[in-house]
Amino acid sequence: MSRMRTVLDYCSGGRERKVDAGALVLKEGDTTGHLYVLIEGRLEVVKGDTVVATVAEPGAVLGEMSVLLGEPHTATVRAAAQSIIYELDDAAVFLNEQPAVALLIARLLAQRLNIANSYLADLKRQYAGQGNHLAMVGDILQCMINLPSQQISPGSDRQSDPRI
């Protein structure tokens, strides 16, 4: 049994909700204060028009970044198949009352950060000394380590870096 599956053990107070295929669980830019936990089914995480992840593991947590940062949701989550989720209306209270879940989410976020750091370090090695916008990966890594209190607005390969 995976660690994230144990999250389900703490969600008995949550509202169980059936989500039809294609229906939204949460919308990018909205602020709900809710935390969502997958019981069964398959969900897609969508950023803009791009599906960036598929979530099918029971116990997977969604909406945690918005809750922890106190900011709007950074992506849309929709059901890729009929699904059942727990919806926890006051996620901040839930996490205060269930520190074991908060620790599981912290571990999940640390794993994601470790993967992102490894990927960015690899990009930095590949593009070191080049004059394109990928050469600024070192700046991104430094910012992630120092955790500056600033608004982040990532660009894309289709946008030029104004510093170049």
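The values are calculated or read from the model by the stated rules, or taken from the named source; none is laboratory data. The structure displayed is predicted, hence computed values, not measured ones. For neighbour counting, all protein chains shown are included, and Cβ atoms are generated from backbone atoms with ideal geometry for every residue, glycine included. Ligands, DNA and RNA are excluded from the accessible area calculation, which covers all protein heavy atoms including side chains. Shrake-Rupley method; radii C 1.70, N 1.55, O 1.52, S 1.80 Å.
Of all the residues in the range 41-52, those that are open to solvent by less than 60 Å² (accessible area, probe 1.4 Å) and over 20 Å from Glu87 (Cα atoms) number 1. Once the range 78-119 is narrowed to residues that are closer than 22 Å to Val51 by Cβ and assigned to a helix (DSSP H, G or I), the residue that is most open to solvent (accessible area, probe 1.4 Å) is Tyr119.
Restricting Ala60, Ala75 to residues that are within 20 Å of Gly14 (Cα to Cα) and surrounded by 20 or more Cβ atoms within 10 Å (Cβ to Cβ) narrows the list to Ala60.
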